[in-house]
Amino acid sequence: MLPVSLTFAGAFALVALWLAYRVVRVRMNAEVMVGDGGHPLLIARMRAQANFVEYTPFVLILMVLIEMAGGSAWGLRVVGALYVIARVLHAFGMDKPTMPAPLRATGACATWLILLALAIWAIWLASHGPAVPAVRYL
């Protein structure tokens, strides 16, 4: 069982639903059912949702594989919690498209750092893990 990854898969799904709800709420108020209608807030919220969907599979896959490889559960919990916080900050930052956008930038940079850390952690575990004997074919 993968309790840390499973917990964060659920948390990420809740963030995805929250982001979708934010899009739908603007769609209903702006009466734009398809596309963005040129509505700036709708465009921003759609991008926040899409951006979450772009990064989350990589984060979750790496978390699962690191947990399977024996990575620190505590470390994965910290990374998962930071990722949730980063994506929420990014979403709120996207609502205010003026520059500078500190919440958006903080969320984006944190996401990149988290993905980089997970990638390095995965590579390190793969290169320092127990040797797997070669499979012999008949």
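The values are calculated or read from the model by the stated rules, or taken from the named source; none is laboratory data. The model shown is predicted, which means the values in this text are computed figures rather than measured ones. Positions of Cβ are backbone-derived with ideal geometry, glycine not excepted, and every protein chain shown enters the neighbour counts.
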- [ ] Return a yes/no flag: does region 31-44 have any residue that is surrounded by 19 or more Cβ atoms within 10 Å (Cβ to Cβ), more than 28 Å from Trp112 (Cβ to Cβ) and not hydrophobic (A, V, I, L, M, F, W, C).
- [x] no
TODO: Sort through Ala110, Ala91 and tell me the only one that's at pLDDT 95 or above and either of a type in the set (A, V, I, L, M) or surrounded by 15 or more Cβ atoms within 10 Å (Cβ to Cβ) (or both).
DONE: Ala110
Task: Where Arg27 falls short, out of the listed (1) out of contact with any Leu (no Cβ under 8 Å at 6 or more places or on another chain); (2) over 19 Å from Ala110 (Cβ atoms) - done: (1)
Task: Flag if Gly93 is in contact (Cβ under 8 Å) with a residue 12 or more places away in the chain, over 19 Å from Trp121 (Cα atoms) and in contact with a His (Cβ under 6 Å, 6 or more places away or on another chain) - done: no
Open item on the list: Val84 - would you say it is touching a helix residue (DSSP H, G or I) at 6+ places or on another chain (Cβ under 8 Å), β-branched (Val, Ile, Thr) and either part of a helix (DSSP H, G or I) or modelled with pLDDT of 95 or more (or both)?
Closed with: yes
- [ ] Please enumerate the residues belonging to region 63-96 that are more than 16 Å from Ala16 (Cβ to Cβ) and among the β-branched types (Val, Ile, Thr).
- [x] Val64, Ile66, Val78, Val79
